[in-house]
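The values are calculated or read from the model by the stated rules, or taken from the named source; none is laboratory data. All values reported here derive from a predicted model rather than from experimental measurement. Cβ placement follows ideal geometry from the backbone for every residue including glycine, while neighbour counts extend to all protein chains displayed.
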Amino acid sequence: MAAAVLLPALALATACGGGGGKEGPGPVKASGAVPIAKLTSALLTSSDVPHVQVLPAGSKDQLLGAAQKADTAACQPIVDQWSSQPKHPRQVYTGAMVTDTTDKDKGAKTISLTVVASYKAGDAKAVLDELAAAVAACHQYSLVRGGVTTHFAVAPATAEAGLGDQQVSYTVGDTAKGAAGQVLVTVVRAGDTTAAFETLRADHKPASLRRTIPVKQVAKLRTAAEAG
């Protein structure tokens, strides 16, 4: 599958991103934000982690979608995670498709839609706090798109400690597709920046995100923030 097609397909697996609103992020307005040039240079590259291939998104439409409203208020932070119009706006953001081919089994190859973002001071922490609360309280929700209702199931996943200042991990998927429609979402905060990964396996079995990937991405975000 071509990368240009795969990026929004990954996001659509959670019905929150891809092919959404055309409005880009607003200008940097807060001291806590990392300028877009530095954020872009902080994005993971293919040379940063062995056996990882990184393809930057050609358009922000491949990363985040339009505003969506969950039928259950407690689940809204989960929906907002892949929306271009969340409760806590990103000051700037960019992203890529990250493919991990460490495992020799081709079916075990993992593909992650990755979005790195910078927020005004304090907002990134609020995003992670509210997301953690949502994952604990939300088990299922529905979205209506084009007159069609889709039901999603949510379950907490184990997030390794020490990835960043905060980390939240969970699975979400279209209940009509079963395990094949499920993706792993991992969101890590480093100061006023976040790195979000929406991961699936090539064979659609339960996915995992290799620790080295978020750790390296967070390290680059910290460096960009210090230089900003």
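Here's a check for you: in region 72-88, which residue that is in a loop (DSSP other than H, G, I, E, B) and touching a strand residue (DSSP E or B) at 6+ places or on another chain (Cβ under 7 Å) is farthest from LEU143 (Cα to Cα)? Quick ask: steps written out before the conclusion?
Initially, region 72-88 is screened for residues in a loop (DSSP other than H, G, I, E, B), giving 72, 81-82, 84-88.
Among the residues that remain, those that are also touching a strand residue (DSSP E or B) at 6+ places or on another chain (Cβ under 7 Å) are: 72, 81-82, 84.
Details: THR72: 9, GLN81: 14, TRP82: 13, SER84: 16 Å.
For region 72-88, the residue satisfying everything is SER84.
Restricting attention to region 98-109, the residues that are of a type in the set (A, V, I, L, M) and at pLDDT 95 or above total 1. Within region 81-92, identify whether any single residue is in contact with a helix residue (DSSP H, G or I) (Cβ under 6 Å, 6 or more places away or on another chain) and of a type in the set (Gly, Ala, Ser), and answer yes or no. No - not one qualifying residue is present in region 81-92.
Counting only strands (runs of 3 or more DSSP E) that fall entirely inside region 125-228 and contain at least 3 residues that are under 17 Å from the mean Cα position of the chain (by Cα), the qualifying elements are 148-156, 166-174, 182-190, 193-201. Considering only region 168-200, state which residues are of a type in the set (S, T, N, Q) and either closer than 25 Å to SER41 by Cα or out of contact with any helix residue (DSSP H, G or I) (no Cβ under 9 Å at 6 or more places or on another chain) (or both). Within region 168-200, THR171, GLN182, THR186, THR193, THR194, THR199 meet the criteria. From the list ARG201, ARG222, ARG210, ARG189, the lone residue that is basic (Lys, Arg) and in contact with a Leu (Cβ under 7 Å, 6 or more places away or on another chain) is ARG189. If you go through region 49-79 and keep only what is free of Cβ contacts under 8 Å to residues at least 40 places away in the same chain and closer than 23 Å to LEU221 by Cα, you end up with SER59, LYS60.
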